[in-house]
Each structure stands twice: as structure tokens, then as C-alpha cells.
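This report concerns only the one structure given below.
The values are calculated or read from the model by the stated rules, or taken from the named source; none is laboratory data. Not measured: the values here are computed from a predicted model. Because the Cβ atoms are built from the backbone with ideal geometry, glycine has one as well, and the counts that use them run over all protein chains shown.
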Amino acid sequence: MVEVRGVHKSYGGIEVLKGVDLTVNRSEVTCLIGPSGSGKSTLLRCVNHLEKHDAGELRVDGELVGYEAKNGKLYELTDKRVCEKRSHIGMVFQRFNLFQHLTVLDNVTIGQTQVKHVDREKAKVKARELLARVGLDAKEKHYPAQLSGGQQQRVAIARALAMEPKLMLFDEPTSALDPELVGEVLDVMKDLAKSGMTMIVVTHEMGFAREVADTVYFLDGGVIEESGDPQKVLTAPTSERLKIFLSKVL
Amino acid sequence: MDTNGDVAVKVVPVRHVGRWFGIAGVALFVAMLIHTMLFKVSSSTKICTVARGVRTCHGALVWRFQWDIVGQYFTSSEVLHGLVITIELTVVSMIIGIVLGMLVAVMRMSPNRVLAGVAWTYTWFFRGTPVLVQITFWAFIGALYPHLSFGIPFTHVAFFHVRNVNVTFTTLEAVIVALGLNEGAYMSEIARAGLISVDEGQIEAATSLGMTRRQSLRLIVIPQAMRVIIPPTGNEVISMLKTSSLASTVALLELFGAVSNISAQNFEIMPLLIVASIWYLLVTTVLSIGQFYLERYFARGALRSPPPTPIQRLKRDIWGVASKFRTKRGVPGVSA
């Protein structure tokens, strides 16, 4: 589903990703862990081309992200085509980023009606279905500012799911939440994983990673230090840096 | 109330002596204002009466502010016609200004250097020269271009021609163009401030849903920027209402032009200035009310509960006072 080969990314001379390889299979949950500044979020944002990678190859569903290979050259895709491809990849942000001027229901319908050109009534039906799935069907007329952080993040998940994505990216979805609200968001994500969604999750929730992930990648300093089965990686780490990291977060 | 026993403690509020002096001073000033505005004074015109062979004279009593003359001209056809032109100038040039300002703000933020440069230069030029100069320039554009043709330079290719510019391009149109272009420069900075104020996460979220740059601008960024854009824009509309009086310098008889025309004939300068001022104040009041409701509309979602409208506030105040009177004899407030 996602193939990352030797991806590099620099911001103004500072190399954030120094050749990353990663594979995500369909219906698998992949967790990216690591200290802050290790490049986890950047890697995630490269997958849906919010950031352009400088070198290497990144494929989603067999297709290059942001480029097209023709006659041995890479052609940058037009804004429109990048957008079309992005609409099949859902993303959930650390700070929710719900559209503040729209009600909960409109937040979940706007992508469907404006990007996928779904009929407004059909979009509403689907939105209500998804809101019920995240347990927020009673809040459809509320504005994001009237909801708790956990509720906002669940709406954000519903908004992403409304696009019927084949892949979901989560960028530290519980880091901005009060501790007692983390559980409700993780529960929604667990349900999603059970339903067979392919997910890449940047997280500091080691419990979630151990329970749900099929593979865990540990990033440090822009490279993948260690990866594999969560039970093995999180309980019997081989790399010295992962040992230090785990001793701090567990 | 914390009773800490059986007897409730009586709270004596702090006395603000200074405030009472302040109120007395303001009251005195208001009294003087009312006195000078509304009471009649004797004028230099003598009125003489002969009673039982004794002739007595005294100055005729008139309003210092000559409200009779104000009333006489307040709804005269020249003044009303001027008012219509003032409103027309304000509305049309503000529309041009807002549309242009939005466009220039978006251009300014474009990754394309040429577009951004053009936008910057436009703002620099139209903010950098006095609006009076610009009005005069456009009113006399015919002197610079007696005939106007748009085409490709150094060739004979022309897309369209305007003959006799000074005839086809009326003064009203010239002033509208001048005010609109000038306003566009100021509005572009206001619009840019609004666009910048929207959290980048909003754009990222829109992008991640697959929206194009244009869609996220139209559906997500601009509606949220409006909350920041509207208060200064209201300011600009009110400012424009009064700036439009500069049109009188190129012989366009808007409100101020109309009253100065009248006072040039009857020398009643002050009452006619009052006529114009009252009209300007009335229109400003209407605009301010409109701004309040517009702000309320675009603040939706930004606040947990919207602020009350003046009518709601009035109702609440009346209820508050009424309930105070009702509970006066009983125990006021809520018991702990």
C-alpha cells in the first residue's frame, strides 16, 4: 500500500529525513515512534505530499506521490492531480484543525460535496452515519469551539473517513488532549483498525502501539533505527537509542 | 454569602469619591452644551415696540445654531440629491475597493513573484499619493488622454477605443474610479491581515481533504478571515463616506458640495454645515448597525456563545432591574 524507499527531506539546509525505508501493507496498522524532531511527522506529511520530499521514491497504492514517471524522467504533477490523489488519503492532525466556521455536520460534508461532488443530501446521510460511528451524532449542530478536545478529534476522524480513504494518516492524534480524553479517541482508532483500514500512526502512546500495531518503526535523527513486531521492538529492543527512548516514555 | 455562624455579614462597597467629581464635571459640561445648543440668544437684529408712547428695543431672540434654517434646508432637494450622490460614491467605490483589495491581497501572497510584485507596487503607489491628487488626476484624465485606445504598444493593434475621454468619462465615474482604486490599496492590506490571521492548520486540513488552493481559499480561509476583515472594513466604509466629500473639489455636487453651494449663495455657512453633519452622522449610524450584525454573523463558531444584540442586552437589563426591585424586600442574591 505504501512504499517508501530512501526518502530524504531537508528544511533550509537541515536534513530531517536521511534516507528512510518503510513498507505498509494493506489493512495493516503501522506506528511511528521516536523522540520529537526525529522526522516522524515529516515522513507522514510526505506520504500525502503536504511536504515535497527531496530525493527517494514514495509510492501509495503503486503510484508515485506527487510525480509521474515518463520516459525516464519525473514530471511534477499539477496541483489538481495532486489534490485528486490526496483525496484518497485521510489525515488527522495533532491539533484537530476542524473548520472553525462550520458546524460539526458541515465539517464532515464539505469534503464530500466540494471535492467528490457528492449530492448534498447523500453527503449528509453519510456524515450522520460516520458521526454516529464516532459517537457524536447528537452534536451535529455544534461548532468545533463548543466541543471538548476528544470530541473534536473524533469529528476530525469522521471528516477524514467521509472521503472514503484507502489510507489514514494520524499525526500524534492524542498529544493535544487531556489525559482523560485520550481513551475515547484511541477507542475510535482501534475500531477503525479492526474494520481493516490501512493506518500510519505517529504516536507517543506505547500502549496503543503494542496493542494495535502490526509493525512499529522507531525513528531517530532522520533514520529508522529499529523496526518490526511491536511485542519484540517495545519489550526487547536491540538498539541502544531505542532502549533509552523507551526508558523515558514507559 | 459566607455566614460563618448565624448572622449574615453586611458588605459595604468601596466608595469611589473621585468618580462623583468626574460625573459632576461631565454633567456641568453637558448642561452647557444643551444650553448653548437649544436656548435662544438675543441677536444684533433689534425689535422695537411702542407701548403707551414709550419706545423700547431689544435684540430678537434666535437660536445660536439657527435650527430654523437647518430645518429649512435639511430635506431640500439639493441636499437630498447630494446625499444620494454621496451614498452612491461610497457604495460603488467601496465595492470596487473590496473586490480589488481581496484580489491584490491574494496576489500579494501568491508564490508567483511577478504577481506579488505587481500587487506590492499597486499598494505602494495608491497609498503613497494623496487621494485628493488622485481624484483630480482622474477628473482631468482627458487632458492626458484626449482619446484612449487599448492595444499592443508599438503596433497598430487596438482592442478598443474611447473617443473624447472628457465627454464619455463623466466626473462621477472619474471620482468613483479614483476612490475605488485608492480604497483597493488600503483594503488589500486589511484583507491580507485577515488571510494571515487564519491558522495554517485550517489550510492543511483543507488540503488533506483534497481541496485545491483556490477551494481552500474560498471555502475555508476567506470565511474565517472575514471575522478579522470586517471591523476595519466598517471603519473604511465610514471613512469613505466622508472622504467622498473631496469630490466637491472637482465640481461634483455630493452632500458637502451641495451644502457649500447653498451657503455660497445665502452665507448661512454654519447651519448648512450642521445640515451636512447630521446627514453624515445618520448614515454612519445606519452603517455601524449594519456592521454589528455582519460581525455577529461571521463570528459564528469562533465564540462559544455569540454576544447579545443591543435589543437582547436592553431586555436583559430591564429584566435585571425589574428582578432587583422584586427581590428588594426579600433576601437579595443567591444563598450559598
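Summary table
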{"item": "Within segment B:92-122, considering residues that are touching a residue at least 60 places away in the same chain (Cβ under 8 Å) and among the small types (Gly, Ala, Ser), the one surrounded by the fewest Cβ atoms within 10 Å (Cβ to Cβ)", "result": "B:Ala119"}
{"item": "Residue list for segment B:196-212, filter: part of a helix (DSSP H, G or I) and either within 14 Å of chain A (Cβ to nearest Cβ) or hydroxyl-bearing (Ser, Thr, Tyr) (or both)", "result": "B:Ser197, B:Glu200, B:Gly201, B:Gln202, B:Ile203, B:Glu204, B:Ala205, B:Ala206, B:Thr207, B:Ser208"}
{"item": "Filter pass, A:Glu172 being within 14 Å of chain B (Cβ to nearest Cβ) and either among the acidic types (Asp, Glu) or touching a Gly at 6+ places or on another chain (Cβ under 8 Å) (or both)", "result": "yes"}
{"item": "First in segment B:213-232 and more than 9 Å from chain A (Cβ to nearest Cβ), second anywhere and among the acidic types (Asp, Glu) and buried (at least 19 other Cβ atoms within 10 Å of the Cβ), Cβ under 7 Å, 6 or more apart", "result": "none"}
{"item": "Options A:Gly196, A:Gly207: the member that is in a loop (DSSP other than H, G, I, E, B) and surrounded by fewer than 19 Cβ atoms within 10 Å (Cβ to Cβ)", "result": "A:Gly196"}
{"item": "Residues located in segment A:141-169, provided they are under 21 Å from A:His49 (Cβ atoms) and either modelled with pLDDT under 95 or not in a helix (DSSP H, G or I) (or both)", "result": "A:Ala162, A:Met163, A:Glu164, A:Pro165, A:Lys166, A:Leu167, A:Met168, A:Leu169"}
{"item": "Filtered residue count, segment A:131-140, keeping only those that are within 14 Å of chain B (Cβ to nearest Cβ) and either within 22 Å of the chain's Cα centre (by Cα) or not in a helix (DSSP H, G or I) (or both)", "result": "1"}
{"item": "Of all residues making up segment B:234-249, the number that are in contact with a Ser or Thr (Cβ under 6 Å, 6 or more places away or on another chain) and surrounded by 19 or more Cβ atoms within 10 Å (Cβ to Cβ)", "result": "3"}
{"item": "Listing of strands (runs of 3 or more DSSP E) fully contained in segment A:39-107 that carry 2 or more residues being more than 8 Å from chain B (Cβ to nearest Cβ)", "result": "A:55-60, A:67-70, A:73-76"}
{"item": "Any chance A:Val115 is facing chain B (nearest Cβ under 10 Å), under 27 Å from B:Val228 (Cβ atoms) and surrounded by fewer than 24 Cβ atoms within 10 Å (Cβ to Cβ)", "result": "yes"}
{"item": "Residue in segment B:289-302 that is modelled with the highest pLDDT, counting only those that are in contact with a helix residue (DSSP H, G or I) (Cβ under 7 Å, 6 or more places away or on another chain) and in a loop (DSSP other than H, G, I, E, B)", "result": "B:Ala299"}
{"item": "Residue selected from segment B:123-166 under the condition without any contact (Cβ under 8 Å) to a residue 40 or more places away in the chain, of a type in the set (Val, Ile, Thr) and within 13 Å of B:Ala178 (Cβ to Cβ), by the criterion surrounded by the fewest Cβ atoms within 10 Å (Cβ to Cβ)", "result": "B:Val133"}
{"item": "From B:Leu273, B:Leu217, B:Leu246, residue being over 15 Å from the mean Cα position of the chain (by Cα), in a helix (DSSP H, G or I) and under 30 Å from A:Lys52 (Cβ atoms)", "result": "B:Leu217"}
{"item": "Test set (1) over 30 Å from B:Phe74 (Cβ atoms); (2) more than 14 Å from chain A (Cβ to nearest Cβ) - B:Lys242 fails condition number", "result": "(1)"}
{"item": "Those residues of segment B:142-161 which are out of contact with any helix residue (DSSP H, G or I) (no Cβ under 6 Å at 6 or more places or on another chain) and of a type in the set (A, V, I, L, M), in sequence order", "result": "B:Ala143, B:Leu144, B:Ile152, B:Val157, B:Ala158"}
{"item": "Test: residue in segment B:73-91 that is exposed (fewer than 10 other Cβ atoms within 10 Å of the Cβ) and under 39 Å from the mean Cα position of the chain (by Cα)", "result": "yes"}
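Matching residues to (1) over 20 Å from the mean Cα position of the chain (by Cα); (2) at negative phi:
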position	(1), (2)
A:Thr30	no, yes
A:Leu44	no, yes
A:His49	no, no
A:Val60	no, yes
A:Glu68	yes, yes
A:Cys83	no, yes
A:Ile89	no, yes
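Condition check ((1) among the hydroxyl-bearing types (Ser, Thr, Tyr); (2) crowded, with 16+ Cβ neighbours inside 10 Å; (3) more than 18 Å from A:Leu167 (Cβ to Cβ)) across all residues:
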{"position": "A:Asp61", "(1), (2), (3)": "no, no, no"}
{"position": "A:Leu64", "(1), (2), (3)": "no, yes, no"}
{"position": "A:Gly72", "(1), (2), (3)": "no, no, yes"}
{"position": "A:Arg81", "(1), (2), (3)": "no, no, no"}
{"position": "A:Ile89", "(1), (2), (3)": "no, yes, no"}
{"position": "A:Gln94", "(1), (2), (3)": "no, yes, yes"}
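Matching residues to (1) of a type in the set (Gly, Ala, Ser); (2) touching a Lys or Arg at 6+ places or on another chain (Cβ under 9 Å):
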| site | (1), (2) |
| --- | --- |
| B:Thr36 | no, yes |
| B:Gly53 | yes, no |
| B:Cys57 | no, yes |
| B:Ala60 | yes, yes |
| B:Gln66 | no, no |
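Rundown of residues vs (1) at pLDDT below 95; (2) surrounded by fewer than 19 Cβ atoms within 10 Å (Cβ to Cβ), yes/no style:
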position: B:Arg227; (1), (2): yes, no
position: B:Glu254; (1), (2): yes, no
position: B:Asn261; (1), (2): yes, yes
position: B:Ala264; (1), (2): yes, yes
position: B:Phe267; (1), (2): yes, yes
position: B:Ile278; (1), (2): no, yes
position: B:Leu282; (1), (2): no, yes
position: B:Leu287; (1), (2): yes, yes
